[in-house]
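Chemist: Can you keep this structure in mind? I'll have questions shortly.
Here, each number is a calculation from the coordinates, and none is a lab measurement. Keep in mind that what you see is a predicted model, and the values were worked out from it rather than measured. All Cβ positions, even for glycine, are placed from backbone atoms using ideal geometry, and neighbour counts span all protein chains on display.
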Amino acid sequence: MARLLVVEDDETIGGLLDARLRAQGHEVAWVRTGRAALRAAASDVDLVLLDLGLPDLDGVEVCRQIRGAQPGCVLVILTARQDDMDVVVGLEAGADDYLTKPFGLAVLLARVRAHLRRGAPAAPRPRFEVGDLVLDTAARTCDVADRDLGLRPKEFDLLARLVAEPDTAVSRERLMDDVWDANWSGSTKTLDVHVAAVRGRLAEAARAEGVRVPRIVTLRGHGYRLESP
């Protein structure tokens, strides 16, 4: 059982999500406004389904504040906005995933299961060291010269996937399958935004004198490669 927060002002959609998620054994809090969402996010939550079209507050700002309050939760945007920039802004505000309306309920429930499954505790795996970068998948920590990179959950998963095979080309399709979901049907801009965020954190860490930090190289028409320093 997971603790889920549904932020949806549409009574029909919200009621349906609340009922179906409870039927799957989850503890669900359903709120209809941004202010109520921020209050609910003060308590521990595993996954948030956030509608961007809220009646009182800007949904992107609500996303940003929830991410600050719950850095370890999975945050999935639900939006009727089809423009790519709207999606990019939401992802940069801290979302891990998004679905555009109208969406199939079965797809949404499958996406929730996939995210919760990936967030479940796993058996300990090795630590990875590339230059001064140390990533521990069991403890979910990532440091450069003993300084925490402060990665968001999906940023950590993405870097962990790349650091597991340093200096090896990894295709976009493989990254989407391994970090998000094999049945992913959304835009791969999700991957691009998360790569840009991880690059930014690595670049910031590299500013320290004498620190050796790997870099993520774009392989046009294929994917990415984590290059050792």
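Chemist: Have a look at Gly15, Val198, Ala110 and report the one farthest towards the positive end of the charge dipole of the chain, computed about the Cα centre with Cβ charges (Lys/Arg +1, Asp/Glu -1).
Modeler: Ranked along the dipole, the leading option is Ala110.
Chemist: Whose amide H sits under 5 Å from the amide H of Leu99, counting only residues 5 or more places off or on another chain, with H placed in the peptide plane?
Modeler: For Leu99, the qualifying residues are Ile77, Leu78, Thr79.
Chemist: Work out the length of the dipole vector of the chain about its Cα centre, built from +1 on the beta-carbon of each Lys and Arg and -1 on the beta-carbon of each Asp and Glu, and round it to the nearest 20 debye.
Modeler: On the way: 31 positive and 36 negative charges, 73 e Å.
Here the size comes out at about 360 debye.
Chemist: Say R0 is 25 Å: what FRET efficiency, to the nearest 0.05, do Ala139 and Ala164 get from their beta-carbon distance? Could the numbers behind the result be given before it?
Modeler: On the way: r = 16 Å, r/R0 = 0.62.
Calculated value: 0.95.
Chemist: Further question: Roughly how many whole Å is it from the C-alpha centroid of segment 196-229 to that of segment 127-164?
Modeler: When both Cα centres are located, 12 Å separates them.
Chemist: If you stretched the chain out fully between Met85 and Asp58, how much longer would it get, using 0.36 nm times the residue separation minus the C-alpha to C-alpha distance? Walk me through the numbers before you get to the answer.
Modeler: On the way: separation 27, 0.36 × 27 = 9.72 nm, distance 1.55 nm.
Length difference between fully extended and current span is 8.2 nm.
Chemist: If I stretch the segment between Ala110 and Ala23 completely, what's the gain in nm (0.36 nm per residue apart, minus their alpha carbon distance), one decimal? Show your work: numbers first, answer last.
Modeler: Working: separation 87, 0.36 × 87 = 31.32 nm, distance 1.41 nm.
So the chain would gain 29.9 nm between Ala110 and Ala23.
Chemist: Multiplying the sequence separation of Ala42 and Arg147 by 0.36 nm and subtracting their Cα-Cα distance, what value in nm do you get? Write out the running numbers ahead of the final one.
Modeler: Numbers: separation 105, 0.36 × 105 = 37.80 nm, distance 2.67 nm.
Full extension from Ala42 to Arg147 adds 35.1 nm.
Chemist: Step by step: find N for the chain, compute 2.2 N^0.38 Å, then divide the Cα radius of gyration by it. What's the final number?
Modeler: Working: Rg = 17.9 Å, N = 229, 2.2 N^0.38 = 17.3 Å.
With N residues counted in the chain, Rg over 2.2 N^0.38 Å equals 1.03.
Chemist: Another one. Does segment 3-119 come out rounded, prolate or oblate by the C-alpha gyration tensor, with a ≥ b ≥ c the root eigenvalues, rounded set by a/c under 1.5 and, if not, prolate when a/b is larger than b/c and oblate if not? Intermediate values should be presented prior to the final figure.
Modeler: Values: a/c = 1.23, a/b = 1.14, b/c = 1.08.
It comes out rounded by the Cα gyration axes.
Chemist: OK, next. List the equivalent ellipsoid semi-axes of segment 127-227 in whole Å, largest first, each obtained as the square root of 5λ for an eigenvalue λ of the Cα gyration tensor. Intermediate results must be reported in sequence, preceding the final value.
Modeler: Working: eigenvalues 101, 40, 29 Å².
Sorted largest first and rounded, they come to 22, 14, 12 Å.
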